[in-house]
Amino acid sequence: MGNDLRLKVLVIAPHLSIHDVGEGPLAHHLVKAMCKHADVTILALEAANGPPLASQLPEAEVVTWQEPSWLAKNRFVRTMIKPHVFYLSRQVKKWLSAELAKGRQFDIAHQMLPAAPRYPTALRFFPIPYVIGSLGGSLPTPAAFQNEATTEKLSTKLRFLDPFRFRYDPWLRASYGKADLVMGVAPYMEDVMSAAPIRKFEPFLTIGLDEVPDPITRTRKPGELTMLSVGRVTRTKGLRDSVRALALLKDLPHVRLVCVGDGDDLPECRAEAEKLGVQDRVTFLGRLPRDQVEAHYRQSDLLIFPSFRESMGAVLYEAMRWSLPVITTRLGGPGSIVDETCGLQVDVKTPSQLAEDLAAAIRKIAFDPELGQRLGTAARQKVLQEALWEQKADRLIKIYRKTLGSGETVQEG
């Protein structure tokens, strides 16, 4: 396959609508950009809301099936088991069998979603080179934090079964064993899936951006700092730890924390701020419209995001594109997105250790405005180099070609 020929790519994903939530819109952006480089055929379910998928992705050949109403009725079952994934797999198997019998050919197939690594693919039944992923999740809550993370969903608590399934589930093992490539959202997924018979693994982060604002120069006095926290407020996102860190900086009264987002841990975070006597230095704004969130990125000095069970971390790219330095953890997705050029990373061992290390990182940036500016400038540059959807799509096409033996080695960025 010469590099001058457009690849014929088959993409499979339950949901790809831009009007969906979660992983679907991210894959939508990637596929849309990919259509400029390849002939793409999409097999997906039609979303309940929004225009037909074919009108959203006119550059591709789109084949969809309407999800049966009985599959969507029970939200708990739909979230826990994802029966629509199995329904789509059945439709894919029938459609692809018929098309191949008619002489249809694809260079490569890609089971793009679901991102959770717990679902077999129908592609294992066909003689087409195929890719699975990027897969993410499966990070456990650190043991020292489990007594505080009491509101985890049952689906999260069942992640301990993943290694067992990677080792013994025949359908899952066949799916991974026959795949020409399995991609993970970050390098940690290779270790998570070490019990699966994966022939080749490659990290590929499936979050990206359409554009990046102009660079921002921030000026402030040493000891002054407005930190920003953005995202769903669950225990694992680390807002409670940010509040505790702020309480260790009582000698820095001009270091403040602004929190944008809502969630089940928000009452606990408010209570923690009051208990530790920093309620006057923490502003809880709850959920805000997107334009107001963007304004806070622009007005703040630092993003603090000490999530300790984060497979990706889209909020990091959102902040970094606004020339914001980052303080985050050395785990999962954040551990692979942020490096020493654009932010500070901390380990996660115990709640007290995390708060202390966060406080030390905050203090370092608070007293060194030039460091904050330098990290923020590099953060924006890193996003420009690796996070735009066009770059993501170009890299994915190169990965396809390398997988097919017709491309050179591909590196992140």
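Here are some notes:
- Hey, residue 208 touching a residue at least 60 places away in the same chain (Cβ under 8 Å), at positive phi and either among the small types (Gly, Ala, Ser) or in contact with a strand residue (DSSP E or B) (Cβ under 7 Å, 6 or more places away or on another chain) (or both) or not: no
- The single condition among (1) small (Gly, Ala, Ser); (2) in a loop (DSSP other than H, G, I, E, B); (3) in contact with a strand residue (DSSP E or B) (Cβ under 6 Å, 6 or more places away or on another chain) that residue 50 does not meet is (3).
- Looking only at residues of the range 226-265 that are of a type in the set (A, V, I, L, M) and assigned to a helix (DSSP H, G or I), we find that the one that is surrounded by the most Cβ atoms within 10 Å (Cβ to Cβ) is 239.
- Neighbours by Cβ (under 8 Å, 6+ apart or cross-chain): first from the range 176-200, at negative phi and not assigned by TED's automatic domain parsing to the domain that holds residue 115; second of a type in the set (Val, Ile, Thr) and assigned to a loop (DSSP other than H, G, I, E, B): none
- Note on the range 133-148: among residues that are more than 16 Å from residue 352 (Cβ to Cβ) and small (Gly, Ala, Ser), the one that is modelled with the lowest pLDDT is 138.
- Look at (1) hydrophobic (A, V, I, L, M, F, W, C); (2) surrounded by 23 or more Cβ atoms within 10 Å (Cβ to Cβ); (3) closer than 17 Å to residue 12 by Cα and you find that residue 186 fails only one, number (3).
- Count - residues of the range 233-288 that are farther than 21 Å from residue 220 by Cα, hydrophobic (A, V, I, L, M, F, W, C) and over 26 Å from the mean Cα position of the chain (by Cα): 6
Residues are listed down the side, and each one gets a yes or a no for (1) farther than 24 Å from residue 146 by Cβ; (2) out of contact with any Ser or Thr (no Cβ under 9 Å at 6 or more places or on another chain); (3) small (Gly, Ala, Ser):
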| site | (1), (2), (3) |
| --- | --- |
| 168 | yes, yes, no |
| 175 | yes, no, yes |
| 185 | no, no, no |
| 195 | no, yes, yes |
| 204 | yes, no, no |
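- In the range 173-225, the residues that are outside any loop (DSSP other than H, G, I, E, B) and among the aliphatic types (A, V, I, L, M): 174, 181, 182, 183, 189, 192, 209, 225
- Hits in the range 161-172 - residues which are surrounded by fewer than 18 Cβ atoms within 10 Å (Cβ to Cβ) and not in a loop (DSSP other than H, G, I, E, B): 161, 163, 164, 165, 167, 168, 170, 171
The values are calculated or read from the model by the stated rules, or taken from the named source; none is laboratory data. In this text, all values refer to a predicted model and were calculated from it rather than measured experimentally. In this analysis, Cβ positions are derived from the backbone assuming ideal geometry, glycine residues included, and neighbour counts consider all displayed protein chains.
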